[in-house]
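Enquirer: This is the structure I have questions about; it appears just below.
Taken together, the values in this text are just the output of simple stated rules run on the coordinates, not laboratory data. These figures come from a predicted structure and were not determined experimentally. Positions of Cβ are generated from backbone atoms using ideal geometry, with glycine treated the same way; all protein chains shown enter the neighbour counts.
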Amino acid sequence: MVDVVQSVGRVMRKAEGKKYGYIILPVSIAADIPPEIALKDNEYKVVWQVLQALRSHDERFNDTINKIELNKRRPDKISIIGIGGKEKSDSSQSLKIESTYKQLELNFPIEEWRDAIYAKIVTKCGNRRYWEDWAKDVARIADTHTSRIKALLENSESEAKKAFDEFITGLHQNINPNVTPDEAIEMLSQYLITKPVFDALFEGYEFTKYNPVSQTMQRMLDVLESQSLQKEVKTLEKFYQSVRERASGIDNAEGKQRIIIELYDKFFRAAFPRLVERLGIVYTPVEVVDFIIKSADFALKQEFGVGLTDEGVHILDPFTGTGTFMVRLLQSGLIKPEDLQRKFTSELHANEIVLLAYYIAAINIEESYHYLTQYPPTPLVKGGLDFPPLLRGGQGGYQPFNGIVLTDTFQMFENAGYLLESIFPENNQRVINQKQRDITVIIGNPPSLYRTKNREKACKGNRERVS
């Protein structure tokens, strides 16, 4: 491996008049072996070593490799070239030769090999554990924040303690009356750590500045002297930079969706294990989500003569998670372009009890809508939509999704009246607005605690009734 790194270094070294450097690795390929089987052979070991060496010399190449599986377009820095059998025919000599000789084309499935090699590059050279490794540091920092916030709240007469008591009251009225002070502190710690993640993931997007829950969290942290709490967060700057790099340059909406899923599944699960254990967070595969959405539309048309796109059809995802159902609904093509704005602004509703998931869902849904309105997809003959490349700098600014609420769906319908609430006023108003709507369709995945070993412990203090 040392020899390979040195060889790559020499090839990449600049010199006067030098345009390219080459590393030629002759590798034999058996015609009767499928690419995915052949590439498992150790004969290709040096190929992966060369690519790893390139990563060590140039961080941009590492970024390129990790985006192969997300982008529809192949990277221009990696070319997998096949052998063709076409002759040039720009002279009489070539025409004369063509009448006498014929070059045989190799029976070599280059397209299959190209796809297999790209996939293997990601497997062999991509860094899939990077965010999981960072999650361990985040878990430690979150505990440190929790301890510091508790220390700031020890003085019962302090401004911080009075503000925190009001904050708790707001959580009781908006989410669940059984939210404990420890859980509220944990929410503040999570927000402090994850706000830069969202800013990095959707760079240039003003979500954290305008989202009503984010505003409330920030006001609370301002009272808690957030500058002293920011010191630990600065140690995560490399992680935040990795999120920015991972998210930049993605050329399709599905790729962005996969990053969000990856971040939620690999990072948040490991960083906040107690939250996952308590709430039994699970993820519904996109294929299942698409099937449920299309089935709901089909049933509506067959039984009621209307579709998901029609005016007056209010759709609720009561346990939205990261917003996958709403995002896939927007991207499905089932909502007509002329109905999109009406649906987004007044007829789509989503609830989430987990703060982190709520943030991701809100940004996810909002950016999906923004993308659809700025870069309209083209309907395909076989059904579905063909999305144009995902670009930056479209017309129009931030438009919040007012249909999403941070709340406990079960609990919000237990309250008979409406509460005048000053800590989460806009979120509370969204609760009121939703309760006044006639919900036509409920789509989503019910909350699950099947992974939790001690369900009674996980549900302590919560006795929701499902009727």
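Enquirer: List the residues, sorted by chain then number, that are 5 or more residues from residue 314 or on another chain and whose placed amide H is less than 5 Å from its amide H.
Expert: HN-HN under 5 Å from residue 314: 440, 441.
Enquirer: Can I ask one more? Arrange the peptides 284-294, 185-195 so that the one whose residues have, on average, the most other Cβ atoms within 10 Å appears first.
Expert: For the peptides 284-294, 185-195, the packing ranking is 185-195, 284-294.
Enquirer: Something else about it: Between residue 68 and residue 304, what length comes free when the chain is fully extended (0.36 nm per residue of separation minus the Cα-Cα distance, one decimal in nm)?
Expert: Here the answer is 80.5 nm.
Enquirer: Separation between the residue 119 and residue 288 pseudo-spin-labels, each 7 Å from Cα along Cα→Cβ, expressed in nm?
Expert: 2.3 nm
Enquirer: On a 27 Å Cα-Cα criterion, which of the cross-link pairs 124/266; 266/336; 67/238; 18/238; 18/124 come out too long?
Expert: The answer is 266/336; 18/238; 18/124.
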